[in-house]
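Right, one structure below, let's go through it.
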Amino acid sequence: MKIWLQRSASFHLCGLIIVLAAAISAQVPSPSSVLGFTPGDDKKVADWGKITDYFTKLDKASKNVEVKEIGKTTNGKPLIVAFISSAKNIKDLEKYRQISAKLADPRTIASESELADLIKNGKVIVSISCSIHSTEIVASQMSMNLAYELATATDPDTKEILENTILLLIPSSNPDGIDIVADWYRKTLGSKSEGTAPPELYHHYAGHDDNRDWFMLNLVETQAITKLFWQQWFPQFVYDVHQQGQNSSRFIIPPFFDPPNPRVAPSILREVGLVGYKMAADLQAKGVAGVATNSTYDTWWHGGFRSAPYFHNSIGILSEAASANLMSPITVSIDDLKKNRAVRGLPSLLEAATNYPDPWEGGLWRPKDINDIEITASRALLQLAAKFRPRYLRNFYDYGKANLEPKADEPQAFIVSAGQPNAESVSRFIEILMTQGIEVYRLDHELHIKTDPKQSDFTETPLGGYLVFVNQPQKNNILSLFEKQEYPHRLLPNGDAEVPYDVAGWTLPLQMGVDYVPAWQIRDLDKERSSLKRVDFINQVRSALGLDQSGTTLGKTHYPLKTTPKIGLYKGFTGSMDEGWTRFVLDTFMIPFRSVTDADARTGNLGLDVIILPSDREETIVKGLSAERYPDEFAGGIGEAGVENLKKYVENGGKLICFDASCAMVIKRFGLPIRNALAGLKRSEFYDPGSIVRLEINTADPLARGVGPDVAAYFTSSSAFDIASDAKVRVIAKYAAKDALLSGWMLGEKYLNGKAALVETDYGKGKIILFAFRPQHRGQSWATFPFIFNALEK
């Protein structure tokens, strides 16, 4: 009888728990109860207002969720993060934030016993961020399903996740783009444009390049999330959820392809691979075909949402799901998959391989399929983080501790030289470092250093500069930003250069024109380290440099043109990132301009002193979007009429400035005595996917005002000019006659050496200025901004 009563009581207690759990779940709003549809449904999309409304209601109803606004977007929308964990952990968020911050900096931990206590009590901080690329929109919808599932599920796995992790869920790091895409999608449903990309950039300035800003920090969204990550929460995991092309593998996850960056800790690479294999195994267990690893994406480049964390001692994860037509389902045939071009590590989508053991053979592909895959992958990551909580916390501490140890093949510090004429660039550079959590010190007295490891005697460095010690917890970030990159020489069997993911070089002070030297040895290092004062606020830097302290260089700064030209910037409907970055530079330096539209060009509405053509190809400028998929108001480019009107504009005294790719159209259509010396070369002869190169400058030319004899410029599959011998063309800059490569990779440099990089020529009563490179590359290449400003003058 006693046993029966115990069992009966136990039974009733379990029943009570189930009832209570069901009641709690019933009180928490589901996405469908708020939206009127389930996120991931065909032809349904929630815009940013609906997404934030749902998370606000979830916050109010669930003790497992706390939503915080961390800033405003470029267009003024709220940028939010949903903290998801157990109710107890949510109450103590500040406690766990402080634990993570201490583990990120081993210098703050006094003993092994303190470390053991922190690991015992700490939680693994995991960030999952969705839809930074807004046409890859499903993840933003999935975020609501994931949040609801974690807030209401009562299974053991979910309980362990909530107990041992704190999830920082970012429904989108580009809310402006979510609205742009959602509005366009709803407007075009049922029309020929259904499922197309909107006829504008889906980030006000950067478009797709909003995921190329994670060390430069040009965008307010990047700045806010960087502060969240590397000044406040220090996540052990950062997962960036993306989509790829339709006729591709269904899902790409780690491990990634070669080459790895030597400044990424080998252990981090192993952990990245481990997470990917867990995701792959869980998806395989659910019967999901078409999952690829070791393909396409590498770990070389710094600057992406998931790649920047490697240099902050965090495990960065990227996934790429095959896309639908936004939120409209598609059918992919076997023939579609056969036609898809081979990518690195994945020569065929229809053949099984170790990294692709279960090929997908085509069929219906819906947004819900993407949603389900992304939720499975997210839970796989969270399960690992929860189950091995102490291990990940200890590893995170160990990464930072290892970076405090000096190595013979690394300098002790980098010194930003005093007395540089480009004070605004120096200030901006220092602020970029500080915003990422790098410690910077003011040189208020002379140091004695060796700038070369083979140097026998110490030399004195003057006071007034800035010093960055290498042996900080963020050592790998410091080295990656200051060092010159040497990308591996990787060729395909046919001799062509293997195309890397994104760029090969990015050395930040070179791009920005900031002079610096490595300090391989500092005399009395320990004494000097303790005596120097750390810079705490950027206004301390601006004051020392004699700059206005009222603003921040991460915002806007005034560049005073000597004249007041009426400036126009061509802006078509194709969503040109180069146009966006040009606009960003003009806005940042508060230089007035107006956009020149396709209609302006077609009708000759060009009453301007200067027109800039961003780096877009002839077909993009002249033909624009296709009338087969887009309404007439967006289709057709400038057309032949626009080309003729541009000619008349220059002939009558206007000035036309062309960046990189647009030069080819102007050279051809205007009949200029110039040719691209690199045109027609095979990838086995010449290739440069994105590197910093050295220019030799004619400093006597007005376009070179304020520029030295050598300047670092950014070259990314750009051009190099040959000038006809009898042509009246002024050459302002040439690529260096030898040793042009400064950072990155270049195959066949001889084809570029000594060729013209910046020229000016008369055309009728006007002038044409051709930049063979992009002088405003991603808003990073401050060293070449002066050429733009000089070119704009009347």
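Descriptive notes on the structure:
- Surface share of carbon and sulfur [accessible, 1.4 angstrom probe, percent] for the chain: 52
- The order of the peptides 632-641, 125-134, 612-621 by mean Cβ neighbours within 10 Å, most packed first, is 125-134, 612-621, 632-641.
- Per-residue SASA entry for K750, accessible area with 1.4 Å probe, Å² rounded to 10: 150
- Neighbourhood net charge (14 Å Cβ-Cβ; Lys/Arg +1, Asp/Glu -1) for T74: -4
- Once C-alpha pairs closer than 8 Å and six or more residues apart are averaged by separation and normalised to the residue number of the range 123-277, the relative contact order reads 31 percent.
- The range 252-314: proportion of alpha-carbon pairs further apart than 19 angstrom, %: 30
- Extreme residue, positive dipole direction of the chain, given options P473, L752, G362 (C-beta unit charges): P473
- Cα pair distances exceeding 26 angstrom across the range 235-387, given as percent: 23
- Whole-Å semi-axes of the ellipsoid equivalent to the range 634-729 (Cα gyration tensor, √5λ, descending): 26, 20, 14
- Every helix of 4 or more DSSP H residues in the chain counts as -39500 (n - 2.57), and over all residues that averages to -10500 deg cm²/dmol at 222 nm.
- Kirkwood Rh (inverse of mean 1/r, distinct Cα pairs), the range 469-555, angstrom: 16.9
- Kirkwood Rh, Cα atoms: Rg over Rh of the chain: 0.98
- Two numbers describe the Cα atoms of the range 405-475: Rg and Dmax, which are 13.0, 36 Å.
- Normalised per residue, the accessible area of the chain is 39 Å², obtained with a 1.4 Å probe and no contribution from ligands, DNA or RNA.
- Each Lys and Arg contributes +1 and each Asp and Glu -1, all at the Cβ; summed about the Cα centre of the chain, the dipole is approximately 840 debye.
- Length, then width, then depth: along the principal axes, the Cα atoms of the range 540-691 run 54, 44, 36 Å.
- Each 10 Å bin from zero up to the one holding the largest Cα-Cα distance in the range 525-598 carries the following percent of pairs: 15, 31, 24, 16, 9, 5, 0.
- The range 65-111 shape via C-alpha gyration tensor axes, a/c threshold 1.5: oblate
- Ranking by accessible area, most exposed first, for M590, M434, M142 with a 1.4 Å probe: M590, M434, M142
- Per-residue HN-Hα couplings for the range 673-690 [Karplus 6.51, -1.76, 1.60; θ = phi - 60°; Hz; x = Gly/Pro]: x, 9, 9, 7, 5, 9, 5, x, 6, 6, 5, 7, 9, 9, 7, 8, x, x
- Sorted largest first, the principal axis extents computed over the alpha-carbon atoms of the range 660-794 equal 42, 31, 25 Å.
- Put the Cα centre of the range 347-395 next to the Cα centre of the range 617-640 and the gap is 39 Å.
- Backbone amide hydrogens, once placed in the peptide plane, bring Q243 within less than 5 Å of A321, excluding anything fewer than 5 places away on its chain.
- With θ taken as phi - 60° and the Karplus curve 6.51 cos²θ - 1.76 cosθ + 1.60 applied, the whole-hertz 3J(HN,Hα) list for the range 279-294 is 4, 4, 5, 5, 5, 5, 4, 8, x, 7, 8, x, 8, 10, 10, 6 Hz, x standing for glycine and proline.
- Among 387-394, 558-565, 426-433, sorting by the average number of other beta carbon atoms lying within 10 angstrom of each residue, highest first, gives 426-433, 387-394, 558-565.
- Whole-number percent relative contact order across the chain, with pairs defined as alpha carbons under 8 Å at least 6 apart: 11
- Overall dimensions of the range 571-628, expressed as equivalent-ellipsoid semi-axes from the Cα gyration tensor (√(5λ), whole Å, largest first), are 21, 15, 9.
- With contacts taken as Cα pairs under 8 Å and at least 6 residues apart, the range 689-734 reaches a relative contact order of 47 percent.
- Cα shape, the range 408-449, gyration tensor, a/c 1.5 rule: oblate
- Over 22 Å [Cα-Cα, the range 305-421], rounded percent: 61
- Dipole magnitude of the range 60-138, debye to nearest 20 (Cβ charges: Lys/Arg +1, Asp/Glu -1, about Cα centre): 320
- Rounded to the nearest 10 degrees, the angle from helix 138-152 to the longest Cα principal axis of the chain is 30 degrees.
- Farthest towards the positive end of the charge dipole of the range 661-743, among the residues L741, I723, S684, is the Cα of I723, using unit charges on the Cβ of Lys, Arg, Asp and Glu.
- Antiparallel DSSP beta bridges within the chain, as percent of all bridges there, nearest 5: 60
- Protection proxy ranking of 162-175, 200-213, 780-793, 322-335, by the mean of other Cβ atoms within 10 Å over each peptide's residues and highest first, is 162-175, 200-213, 780-793, 322-335.
- For the range 55-145, the convex hull spanned by the alpha carbon atoms encloses 130 Å³ per residue.
- Convex hull of alpha carbon positions in the range 180-264: directionally averaged projected area 8.5 nm².
- Dipole of the chain, positive direction: furthest Cα of A224, I119, P309, with charges on the beta-carbon: I119
- Taking only alpha carbon atoms, the range 387-519 gives an Rg to Rh ratio of 1.05, where Rh is the Kirkwood radius.
- Cut-off 13 Å between beta-carbons: net charge of the residues surrounding R490, Lys and Arg +1, Asp and Glu -1: -3
The values are calculated or read from the model by the stated rules, or taken from the named source; none is laboratory data. Computed from a prediction, not measured in an experiment: that's the story for all the values here. Reconstructed Cβ throughout: ideal geometry from the backbone, glycine too, with neighbour counts over all protein chains shown. The area values use the complete protein model at the heavy-atom level, side chains included, leaving out ligands, DNA and RNA. Shrake-Rupley method; radii C 1.70, N 1.55, O 1.52, S 1.80 Å.
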